[in-house]
Amino acid sequence: MRKQFSFPIILTLFWFSHAGSMAPTPAKEWTDLWLDYRLVSNQPLLQEYRYNLKVLVVSSHSETMELAGAELRRGLRLLLGREVSEGTDFEAANSLVIGARGALPQSILAEVQQELNAAGQEGYVVKTRATPRGKSILIVANHDVGVLRGAFHFLRLLQTQQAIRALAIVSHPRIQYRLLNHWDNLDRSVERGYAGKSLWKWEELPGTIDPRYHDYARANASLGINGVVLNNVNANPDILKPEYLKKVAALADIFRPYGIRIFLSANFSSPISEKFEFEARRRGGIGDLSTSDPLDLHVRSWWKNTVGEIYQLIPDFGGFLVKASSEGMPGPNDYGRTHAEGANMLAEVLEPYGGIVMWRSFVYDADVDPDRTKRAYKEFVPLDGKFHSNVFVQPKNGPLDFQPREPVNPLFGAMPKTPLMLELQLTQEYLGHSTHLVYLAPMWKEYLEFDTHANGAGSTLASIVDGSVHGYPMTGIAGVANTGDDRNWTGHFFAQANWYAFGRLAWDHTLSSEEIADEWIGMSLGNDTTVLSTVRKMMMGSWEACVKYMTPLGLHHIMQEHFHYGPEPSLDKGREDWTSVYYHRAGTTGIGYNRNSSGSNAVSQYFSPVRERFDDLTSCPEEYLLWFHHVPWDYRTKSGRTVWDELCHRYHAGVKYVAHMQENWRSLQPRVDPVVFELVGEKLAQHYRDAGIWRDTCLTYFQRLSGKPIVGDD
Ligand code: GCW
C-alpha cells in the first residue's frame, strides 16, 4: 500500500487531513533541518517564555546582526506562537538584548566584562541580568558572529524546553578551525555522496543564488562550523580558473555573514599546461608550465599569482586542502620532493594573507611497507618539525580508511611539532551509505576519548587535536560532509543527526553522545518523552550494531570493491593488493591480521603502554582483536565462546538490533511526523534486509574456512 503514494501525495494527503482541525500540525519542513521552530508544547514553560521574552533589543546593524535578529524574531514567533516587539531600551524588563562588545552600553559592558574575556574571539555569553525594572536576557559577544551563535544557542534552549530563569552561559570553541570538507565535483557528482547531487550549482553561479546556500550556511552557523572546503580532494584543477573563482566568491559572500570562510581543494598539478596529458588523475592543469615541482621558481610564482587573484576576489579566503601523492593524485613525490616541501611551497604564498594549508596524510605507497596501515606514519613522522607554521597535516581518525571501527591513527601524538587536523567522515562510505541508520557520535567519542599516552596518561586524541598536549599554535577538525541536494539534505533523515553531532563536537568535544542525541531529537522530532527515550536508545546502539553485522572483532575492509556498501569477504586480487583477503587473512586454521610484534609490528607505532596492550593477545581489546592478531578458530574470547562462535554471535546480534530499531520506530507512529515516520520506516526495512545480507554472506564465507557450524538463533 505504502509504496503507492509518492512523496508529494503523502504531503498533500497529510495537509488535507489536518487542514480543518483546530491546531494543524504542518508536515515537517525538511529544509529547516533541526531549526524548524515549533510551538513549545509544555504549557507552564510556554507561559514562562512568553512572560520573559516580550521585547527584542538589537544593539547594532550589520549583516550578521540582521541575521541574528531575524533568527530570533522568527524563532520566537514560531516557538512562542506570537510576535515579540522591537525595542531600543537596553534596560527594559522582560527583554532579550543582543549585541557585540562595541555596540553595548557601558552599564551592560561593565557587567559582562569577565565573561566576554572568557568567550574569546568566537564565543558568546547568554546571561540573565537584573535591570532596574526587572529581568532581561543578554546575548552578547566580542564579535557579531558570536552574537549569531549565541542566538542559536538560546533558541536551542527553547526548542529543547529548558528553563531560562537564571542563565549564565559562557561558550567558546575548543578547536579553532571547524570545517566541513565536501567531496563535491564540478559536474555536481559527489564522491562518496549518498544524498543526491552537489549543493553547488556551478552552472548557475555566480548569477543565480539558490536559496539553499543560505539554509546551508544557517545550519552550519547554528553549530559554529566556521569553514567549508567546497570541492573534492580529488581536485579538478579548473576550480582555480578565474571563471570558477568568481563562482566561489559568490558563495563566500553568502557564507561570510554566517561566520563561515571558504577553502578550496587544490590539485598539485594545477600550474601544468593542459597540453600535458597524463593518466587519469594526473591530467594537465590550468597553467602554462611543464612541471609542478614545488622547488621550481616558475611553479612558485604561478601559485603566488593564483593566490593573489583568489584574495582579490575573496579577501578572507581560508586556504587549501591538498591530497597529494595519494591514490594517483599528483604531488611532490613525483619530483622526488617531500610532503613538507610540497606543503611549504603553498604555505609560503598563503601566509601573507593569513591563509593555511591542510595537507592530508592519507598516503599508502606500497614501497613504504607491506602493511598498508603503517605507511602514512612512516612517511610523515620523519617530517615533524619541517612544516611551516601555517600548515596542518590532516590524518583520518584511523590508520586505514574510515572503517566501521579502527584503532586510533598512531600519527596522533607522534607529530608534536605539527598541528594535526583530525579528519572524520560524516558521509557513511563504509557504514551503510544513507540507507543504514547509524549515529556516528559514539564512534567519534570513542576516538576522541582514546588515550594515546603520547605525553603520559591523559593524552587523549581530543587533547592532542585541541592543542592541549603539544601546545599547537593552531587547531582544527574536519568532517567529510554528508550533504547533497536531496530534499532532506542527507538522504537519510537520521543522517542529519551526524551533521549536527559533528558540528557540536567540533565546538565542544566534551559533550556526550547522549546529550547531543537529546538535543537533536528534541529539535528535530519534538520533546515527547517517549520519543526522546525511544529514539535515543535506537541511536545510541546503532553504531555498535553496524560494527557487529559488518566487521565484528576488529575485522576491516571486507566491503564490495569500489562501492563499499555490501560485503565481499571473498574479494582476492593477490595478497598485496589490499582486497578483503589481504585484510582478514582467514584460512582453515584461523583468522585475523597479525600486526603484533611477531607480525607486521604495526603495534610499535603506538606509545607505551598502548603498544603493549595491543601487542599482547590477552590484553588487546576484543574490538581490535582481528586487527592486531591472527588467532585460531578455537581461540577463547572473553565471553567464553570460541572466536568462531563469537563471530556468529556478533553477526546475529547486530542484525537483531536493527530489528529492534524497526519495532521501536513502529511504536512511535502516533508521536512523530507522518512523513518522517514513513520514510524512516522504509529505510529501516532496507537496512534490516541488507544487514541480514552482511551476516549471511560473511558467515557463509568464513564457515567454508572454519569448517564449523553456524551457531545463533535466527
Ligand atoms: O576512502 C577512500 C575513498 C575515496 C577517497 C579517499 C580519500 C576522496 O574510497 O573515494 O577519495 O578515501 O580519502 O582521499
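Taking the average, over residues, of other Cβ atoms within 10 Å as the packing measure, peptides 687-693, 233-239, 706-712 rank 233-239, 687-693, 706-712 from highest down.
Roughly what % of Cα-Cα distances in region 101-151 sit above 18 Å, to the whole percent? Taking all Cα-Cα pairs of region 101-151, the fraction more than 18 Å apart is 22 percent. Restricting the trypsin sites (Lys or Arg not before Pro) of region 239-334 to loop positions (DSSP other than H, G, I, E, B) with no more than 14 neighbouring Cβ atoms within 10 Å leaves 275.
Across region 401-406, computed HN-Hα scalar couplings (Karplus, 6.51 cos²θ - 1.76 cosθ + 1.60, θ = phi - 60°) run 5, 6, 6, x, 8, 9 Hz from first to last residue, x flagging Gly and Pro.
Using only alpha carbons, region 591-714 has a radius of gyration to Kirkwood radius ratio (Rg to Rh) of 1.13. Taking the charge dipole of the chain about its Cα centre, with +1 at Lys and Arg Cβ atoms and -1 at Asp and Glu Cβ atoms, the residue from 593, 433, 87 reaching farthest to the positive side is 87. Here the convex hull built on the C-alpha positions of the chain has a volume of 167 cubic angstrom per residue. Relative intensity of region 553-625 on a log10 scale, I(q)/I(0) at q = 0.19 Å⁻¹, equals -0.83, per a Debye sum over C-alpha point scatterers of equal strength in the absence of solvent.
Would you mind getting me the FRET efficiency between residue 368 and residue 298? Use the beta-carbon distance for r and R0 = 30 Å, nearest 0.05. Using R0 = 30 Å, I get an efficiency of 0.50.
Using the count of nearby Cβ atoms within 10 Å as a rough guide to exposure, how do 415, 474 rank from fewest to most?
The order, fewest Cβ neighbours first, is 474, 415.
Order of 507, 627, 633 from fewest to most other C-beta atoms within 10 Å?
Going from sparsest to densest Cβ surroundings: 633, 507, 627.
When restricted to Cα atoms, region 366-448 yields an Rg and a Dmax of 14.3, 43 Å, respectively.
So for region 178-316, considering every pair of alpha-carbon atoms, how many percent are separated by more than 22 Å? The share of Cα pairs beyond 22 Å in region 178-316 comes to 40 percent.
By how many nm would the segment from residue 204 to residue 704 grow when fully extended, if each residue of separation counts as 0.36 nm and the alpha-carbon distance is taken off?
174.5 nm is the gain from fully extending residue 204 to residue 704.
Quick one: of 374/708; 378/638; 396/638; 573/638; 275/386; 323/386, which pairs are farther than 24 Å apart, Cα to Cα? Those over the limit are 374/708; 378/638; 396/638; 573/638; 275/386. Within region 604-667, the ratio Rg/Rh, alpha carbon atoms throughout and Rh by Kirkwood, equals 1.16. Classification of region 488-549 by its C-alpha gyration tensor yields a rounded form. The axis ratio a/c (a ≥ b ≥ c) stays under 1.5.
What shape does region 436-568 have by the C-alpha gyration tensor, where a ≥ b ≥ c are the square roots of the eigenvalues, rounded means a/c under 1.5, and otherwise prolate means a/b greater than b/c and oblate the rest? Since a/c reaches 1.5 but b/c is at least a/b, the shape of region 436-568 is classed as oblate.
Give me 298, 453, 182 ranked fewest to most by other Cβ atoms within 10 Å of their Cβ, as a rough exposure proxy.
Arranged by neighbour count, lowest to highest, 298, 453, 182 become 298, 453, 182.
In the chain, a dipole from Cβ-located charges (positive for Lys and Arg, negative for Asp and Glu) runs towards its positive end, and of 366, 44, 391 it is 44 whose Cα lies farthest in that direction. For the chain, the Cβ-based charge dipole about the Cα centre amounts to some 1280 debye (Lys, Arg positive; Asp, Glu negative; other atoms uncharged). The C-alpha atoms of region 330-391 occupy a region whose extents along the principal axes are 41, 20, 16 Å, arranged from largest to smallest.
Set the Förster radius R0 to 22 Å, insert the Cβ-Cβ distance between residue 88 and residue 133 as r into 1/(1 + (r/R0)^6), and round the FRET efficiency to 0.05. FRET efficiency, residue 88 to residue 133: 0.90.
Counting DSSP beta bridges in the chain, what percent are antiparallel, to the nearest 5?
Around 25 percent of the beta bridges assigned by DSSP in the chain are antiparallel ones.
Applying both filters, DSSP loop and at most 16 other Cβ atoms within 10 Å, to the GluC sites (Glu not before Pro) of region 481-567 gives 561.
Every number here is computed from the coordinates shown, using simple stated rules; none is lab data. Note that this is a predicted model, so its numbers are computed, not measured. Glycine also receives a Cβ, built like all others from the backbone with ideal geometry; neighbour counts cover every protein chain displayed.
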